[in-house]
Amino acid sequence: MGHGRSIRQLSAASASRVKVLGVGVDPISADELLPRVAALVEQRGIATVTYANVHVMNQARSDRDLTEFIAQASLVYCDGNGVRLGARVLGEALPGRMTGADWIWDLAAQAEGRWRLYWIGGEPGVTAAAARTLQAKHPGLAIGTDHGFHPREGPENAACIRRINAYGPDIVLVGMGTPEQEHWVRARRDQLEAPVVWCLGATADFITGRLPRGPAWLTQRAEWLVRLASEPRRLWRRYLVGNTVFMARVIRSRLS
């Protein structure tokens, strides 16, 4: 594989995707997620995996590049009960909600002795600490790391791509938050030689304990409340305003 590859994605049948405000989401359960990713790895093609939650939906409304990135992704899974509720109001159904902080442990278990991972994102040292946490439970896990503060162009960006490709990962995990991570992948997917590149948001912050998750009964229903309580100044607009705007758009779409 090299820089001359086509960036055409190995994509799921778009007709099967559930459309929520114009954004297609694959109607898969949590149990189906990793088998779908494993199939993409085994195909050794060019696949991109990403997620959709209310924040992503709101950002996509005014970000054409983000919208196109999601539409071209090989797999788009639901990462929020708000999206599930929106789909239900619109007469559709999404069977599951899955977040990186949940599936990362299963991914580590499956990858141990089988796949090489490379995790890029966050402040310096954060993904390295998250990788050590995973390796404490899965000592045979091969995982390289890097921080997420690299320029879009220039020598350091090129050096970052070389480091990733030299490691030879089967899956590159990109956690920089939306829309930064999607833009990062969109600009570099044809340079990354890994068969799968997977956006996973702030998962490293949860794994390392930098961000709390709260009790399971709450995170399964309204994890955004825990996030809001932990970072109210930074996230009040995203959740209090963003959730309201999203549901207003859903209801307007349903009525029209």
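Just so you know, all these numbers are worked out from the coordinates, no wet-lab data involved. Remember, predicted model here, so these are calculated numbers, not experimental data. FYI the Cβ positions are ideal-geometry reconstructions off the backbone, even for glycines, and counts take in every protein chain you see.
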Once the piece of chain linking residue 39 and residue 220 is laid out straight, how much longer is it, given 0.36 nm per residue of separation minus the C-alpha distance between them?
62.4 nm
What nm value, rounded to one decimal, do you get for the distance between residue 16 and residue 229 when each label is placed 7 Å out toward the C-beta?
3.8 nm
Run through every distinct alpha carbon pair of region 164-239 and return the Kirkwood hydrodynamic radius in angstroms, one decimal place.
14.3 Å
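For region 128-202, what class follows from the C-alpha gyration tensor (a ≥ b ≥ c being the square roots of its eigenvalues): rounded when a/c is under 1.5, otherwise prolate if a/b is larger than b/c, else oblate?
Because a/c hits 1.5 or more and a/b exceeds b/c, region 128-202 counts as prolate.
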Helix-only estimate, please: 222 nm mean residue ellipticity of the chain, summing -39500 (n - 2.57) across DSSP H runs of length 4 or more and dividing by its residues, to the nearest 500.
-14500 deg cm²/dmol
Sort 162-168, 47-53, 85-91, 142-148 for me by packing, meaning the mean count of neighbouring Cβ atoms within 10 Å per residue, highest on top.
47-53, 142-148, 85-91, 162-168
Alpha-carbon centroids, region 109-188 and region 13-67: separation in whole Å:
20 Å
Considering only the other residues whose Cβ falls under 12 Å of the Cβ of residue 174, what net charge follows from Lys and Arg at +1 and Asp and Glu at -1?
0
Residue 253 and residue 211 label points (each 7 Å along its Cα→Cβ direction) are spaced in nm at 2.3 nm
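Between residue 136 and residue 29, what length in nm is gained on full extension when 0.36 nm per residue of separation is reduced by their alpha carbon distance?
Working: separation 107, 0.36 × 107 = 38.52 nm, distance 2.80 nm.
Here the answer is 35.7 nm.
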Net charge of neighbours whose Cβ lies under 14 Å from the Cβ of residue 85, counting Lys and Arg as +1 and Asp and Glu as -1
+3
quick shape note, the chain: Cα extents on principal axes in Å, largest first -> 52, 38, 36
